[in-house]
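The values are calculated or read from the model by the stated rules, or taken from the named source; none is laboratory data. A quick note: this is a predicted structure, and the numbers were derived from the prediction, not measured. Quick reminder, even Gly has a Cβ in these numbers, built from the backbone with ideal geometry, and neighbours come from all protein chains shown. Just the protein is used for accessible areas: all its heavy atoms, side chains included, with ligands, DNA and RNA removed. Shrake-Rupley method; radii C 1.70, N 1.55, O 1.52, S 1.80 Å.
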Amino acid sequence: MTMTKAEIRDHALQLGFDLVGFTTIAPPPHAGEFRRWLDAGFHGEIQYLARRAAERANPSQLLPGAKSIIVVGMNYGTTGTKHLARYAAGHVDYHKWMGAKLAALAKFIGDAIGYVDTGPILERDLAQRAGLGWIGKHTNVISQQFGNWIFLGEILTTLDLPPDEPAREYCGTCRRCIDACPTQAIVAPYQLDARRCISYLTIELKGSIPVEFRPAIGNRIFGCDDCLAVCPWNRFAKLVIPPRPLPPLPEMLAWDDCQFADYFRDTPIYRLKRRGWLRNICVVLGNSGDWKVLPALHQALNDVEPLVREHAAWAIEEMTFTSTRCRAGEHHHGRPCR
Ligand code: SF4
């Protein structure tokens, strides 16, 4: 069956995708840099990145006879919410709804296979090569139409489709994202040390959060958008998804597994599990300087999870320590007293 780019693009737009681009199955241009990034250990504990590195460097291994890759983008702009990264602030898990739309597009095309961002694909590289946007100095893709708020998905197909023009890069001399990062995780333009990134620390890291980074986490429970939010290209962003309000943090600190699952089952937060969510709440409460949250933290000292107990103890100590030092007029972690 033959199918044209125009037919595929039209169908993708009908399905609700905002951006559609086409590229070849050739290895992504930054496959070598990706290998060196892994070798430097910048990925920390994100083992799935290293596990299928060969396929990431050579997508033709994923589908025998594949000739083209269709890259789609979906705008997820929200007005933002103080505790969550914007992509997680809505009511649904984007992996699910985008995965369903990709499956529908792959079915329409025929001999094709679709991936959302958990697939073994260097998707940002391919998105730039397919013309959707460029990789900014913060290492994420920026669209001229939607700014920094886009999900990406890819479809590999055996169809031989003419590639689109790669996107040009428009960062210029700007370095706002590098300067805005609370933990200096962007160690050089286009180079992220994920082990310092608050998204990594609050989502990918399963165990104890290193104490040195806890104060910088501030009020973020799930991810961080600071490097994306300061980007001047967001002036073109379109805000479409209303954020979902969260219950009070001390209340959630007393939740059991069922209450956590009931509230977050259909959201990206569900993968954090109760123990990770409560761990992060403890850090945020410890940073809050709000003495009213102390009873909830003391209660969490009896939590079934050692991880939660440890972070609750840190939070209590942090508040006490901060208060003592504030009374002494000292600065705390190099920042003014709260
Ligand atoms: S903030 Fe500036 S340097 Fe960073 S991605 Fe945006 S345009 Fe590029």
Determine, yes or no, whether A216 is within 25 Å of L272 (Cβ to Cβ), modelled with pLDDT of 95 or more and open to solvent by 20 Å² or more (accessible area, probe 1.4 Å). yes
Out of all the residues in region 289-302, is one or more in contact (Cβ under 8 Å) with a residue 12 or more places away in the chain, among the polar types (S, T, N, Q), surrounded by fewer than 21 Cβ atoms within 10 Å (Cβ to Cβ) and not in a helix (DSSP H, G or I)? no
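Results for (1) buried (at least 20 other Cβ atoms within 10 Å of the Cβ); (2) of a type in the set (F, W, Y); (3) outside the structural domain of G41 (by TED's automatic domain parsing); (4) touching an Asp or Glu at 6+ places or on another chain (Cβ under 8 Å), shown as yes or no for each residue.
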site	(1), (2), (3), (4)
R195	no, no, yes, no
E204	yes, no, yes, yes
I209	yes, no, yes, no
C224	yes, no, yes, no
M252	no, no, yes, no
So, in region 211-230, exactly how many residues are in contact with a Phe, Trp or Tyr (Cβ under 8 Å, 6 or more places away or on another chain) and not in a helix (DSSP H, G or I)? 3
Are there any pairs, at least 6 apart or on different chains, whose C-beta atoms fall under 7 Å, with the first in region 162-174 and open to solvent by 70 Å² or more (accessible area, probe 1.4 Å) and modelled with pLDDT of 95 or more and the second away from the ligand (no atom under 13 Å from the Cβ) and in a loop (DSSP other than H, G, I, E, B), and if so, which? E165/G131; P166/G131
Could you look through region 136-175, keep only residues that are farther than 21 Å from G77 by Cβ and aliphatic (A, V, I, L, M), and pick out the one that is farthest from the ligand (Cβ to nearest atom)? L159
